[in-house]
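Below is one structure; the comments refer to it alone.
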Amino acid sequence: MCGIAGIYYLNQSKEDHSAIKKMTDALIHRGPDAEGQWSNDAGLYLGHRRLSIIDLDPRSNQPFEWLNRFIITFNGEIYNYIEVREQLKQKGYFFATNSDTEVICAAYNEWKEDCLQYFDGMFAFALYDKNKQILFCARDR
């Protein structure tokens with residue numbers, strides 16, 4: 001399974017810009033296929049180590065950015081992502097990848113926190129909405 005990491009600095013004067021890289025380096029055993037980090041000016045850092053299983057396309061690397069609005073780091077699998085994806089397509093959504101990660105972003109865009117009701121799987125994720133400056137973190141039940 002992939003490895004995810006995140007830091008939110010309440011005091012920006014104490015920010016350690018190298019900390020997220022150190023965290024993802026420590027997770028190399030969880031995801032040898034790719035790594036990535038993302039940060040913003042508000043002190044939020046997200047990191048990811050990828051173990052490619054569902055969608056091998058590099059466009060699905062994480063942290064994944066969707067519609068220049070949502071940033072997600074995700075570990076796990078949404079078993080029914082194809083069904084959820086079809087529901088979202090019927091609502092007018094288009095998808096650039098075949099990943100369950102992109103489905104999570106679209107589902108959050110459509111249903112906000114209630115998106116969790118649609119997911120069957122084992123997962124943990126942190127999703128940041130750049131427009132509303134909201135960080136939503138969840139894990140499976």
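The values are calculated or read from the model by the stated rules, or taken from the named source; none is laboratory data. Computed from a predicted model, the values in this text were never measured in an experiment. Cβ placement follows ideal geometry from the backbone for every residue including glycine, while neighbour counts extend to all protein chains displayed. For accessibility, only protein heavy atoms count, side chains too; no ligands or nucleic acids. Shrake-Rupley method; radii C 1.70, N 1.55, O 1.52, S 1.80 Å.
Report the percentage of all Cα-Cα pairs in the stretch 81-141 whose separation exceeds 18 Å, rounded to a whole percent. Distances greater than 18 Å cover 30 percent of the Cα pairs. Distance cut-off 28 Å, Cα to Cα: go down the list Lys14/Lys132; Lys21/Lys91; Lys22/Lys112; Lys14/Lys112 and report the pairs above it. Pairs exceeding 28 Å: Lys21/Lys91; Lys22/Lys112; Lys14/Lys112. The phi torsions of the stretch 10-18, fed into the Karplus equation with coefficients 6.51, -1.76 and 1.60 and a -60° offset, translate into couplings of 6, 10, 5, 6, 9, 4, 10, 5, 8 Hz, rounded to whole numbers, with Gly and Pro shown as x. From the largest down, the chain spans 46, 33, 28 angstrom on the principal axes of its Cα atoms. Computed over protein heavy atoms with a 1.4 Å probe, the accessible surface of the chain works out to 54 Å² per residue.
Work out, in µm²/s and without decimals, the Stokes-Einstein translational diffusion coefficient of the stretch 23-84 at 4 °C, 1.567 mPa s, Rh from Kirkwood over C-alpha pairs. In µm²/s, the coefficient rounds to 102.
When the P(r) of the stretch 43-117 is calculated, the portion above 21 Å amounts to 21% of the C-alpha pairs.
I want to verify the translational diffusion coefficient of the stretch 1-41 in µm²/s; compute it with Stokes-Einstein, Rh as the Kirkwood radius over Cα pairs, at 4 °C and 1.567 mPa s.
Values: Rh = 11.2 Å.
Diffusion coefficient, whole number: 116 µm²/s.
Order 33-45, 83-95, 64-76 from most to least packed using the mean count of other Cβ atoms within 10 Å.
Details: 33-45: 15.8, 83-95: 13.6, 64-76: 19.5.
Going by the mean number of other Cβ atoms within 10 Å, highest first, we get 64-76, 33-45, 83-95.
Are there trypsin sites (Lys or Arg not before Pro) in the stretch 92-134 that DSSP puts in a loop and that have at most 12 other Cβ atoms within 10 Å, and which ones? The qualifying sites are Lys132. Around the amide H of Asp120, modelled in the peptide plane, lie the amide H atoms of Tyr79, Asn80, all under 5 Å away and 5 or more residues distant in sequence or on another chain.
Counting 0.36 nm for each residue step from Glu83 to Ala19 and taking away their Cα separation leaves a gain of 19.3 nm.
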